[in-house]
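Shown next, in structure tokens, is the structure this report addresses.
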Amino acid sequence: MGVAIRTAGEDDRDTVVRLLDEAFQDDPVSGWVFPGEEYRRRTHHRLMGAFTDIVLADGWIDLTEDGAACALWLSVPGEEDASEEPGEEPAEDAEDVPAQVREAVDPDNERVESIARLTEDIHPSGPAHAYLWMIGVAPERQGEGLGTALIASVLDRCDRDGLPAYLEASSERSKGLYERLGFACTGRVLHLPDGPRMWPMWREPRRS
């Protein structure tokens, strides 16, 4: 039986935030951003809420019909699609999203802002691509193939449209899953200061 997937809307926000909060409580990167179990359980959901709001506004969220798994995607334009003219400086009042997220989530935690800036720095430039920002599966449903089904549905479209895909793996386990789906490490491993590693991974579209 296939996995039923739909696009999440604003009414699904609480479901998505709760799902991501539960799925990433024990993630190495979440543990680095929010050290200490009690602190993480008290604060982590705010970051998941900020991420969810950004993607609801600028991307899309795929959600299984039973609410057990979700994937947050952004469409990233290519260099040739950049809106600024060559040599044009960014506007002085351009939004500083990492700083805004930190202010909204936990102003005293520098790592909330740092993780956003570090992942921005390693994000490859080049052609337009689909960016898998996060994928979360309820802990009690992990191992059932829900995450693979969510990703594969988008990768099928990428293959049809000739579109690459990109993500950052936050654990060895997820890195292995993504490799099986055709992603390969870019060669730039991100070593978080006094923390775990993240693996930027790129997937070229497959030709039928």
Note down all Cβ pairs under 8 Å where the first residue falls in region 160-187 and is of a type in the set (D, E), the second is in a helix (DSSP H, G or I), and they're at least six residues apart or on different chains.
E168/T119; E168/I122
In region 51-79, what count of residues is obtained for those that are aliphatic (A, V, I, L, M) and within 12 Å of the chain's Cα centre (by Cα)?
6
Take G126 and decide whether it is of a type outside the set (F, W, Y), modelled with pLDDT of 95 or more, out of contact with any strand residue (DSSP E or B) (no Cβ under 7 Å at 6 or more places or on another chain) and within 21 Å of C185 (Cα to Cα).
no
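Looking at region 4-41 only, could you name the residues that are among the acidic types (D, E) and part of a loop (DSSP other than H, G, I, E, B)?
Result: D26, D27.
Could you tell me which of the residues E89, E103 is over 19 Å from the mean Cα position of the chain (by Cα), exposed (fewer than 14 other Cβ atoms within 10 Å of the Cβ) and modelled with pLDDT of 95 or more?
Answer to the check: E103.
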Do you know which residues across region 122-163 are in contact with a helix residue (DSSP H, G or I) (Cβ under 7 Å, 6 or more places away or on another chain) and assigned to a loop (DSSP other than H, G, I, E, B)?
S125, G126, A128, A138
For residues that are over 19 Å from E168 (Cα atoms) and more than 16 Å from the chain's Cα centre (by Cα), scanning just region 14-36, find the one that is surrounded by the most Cβ atoms within 10 Å (Cβ to Cβ).
T15
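Kindly check whether there is at least one residue in region 164-174 that is part of a helix (DSSP H, G or I) and surrounded by fewer than 17 Cβ atoms within 10 Å (Cβ to Cβ). Lay out the reasoning, then the answer.
Of the residues in region 164-174, the ones part of a helix (DSSP H, G or I) are 172-174.
Cutting the leftovers down to surrounded by fewer than 17 Cβ atoms within 10 Å (Cβ to Cβ) gives us 172-173.
Yes - at least one qualifying residue is present in region 164-174.
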Looking at (1) part of a helix (DSSP H, G or I); (2) surrounded by fewer than 21 Cβ atoms within 10 Å (Cβ to Cβ); (3) free of Cβ contacts under 8 Å to residues at least 60 places away in the same chain, can you tell me which one H44 breaks?
(2)
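The values are calculated or read from the model by the stated rules, or taken from the named source; none is laboratory data. Bear in mind the structure is a predicted one, so any value in this text is a computation, not a measurement. Backbone-built Cβ (ideal geometry, glycine too); neighbour counts: all protein chains shown.
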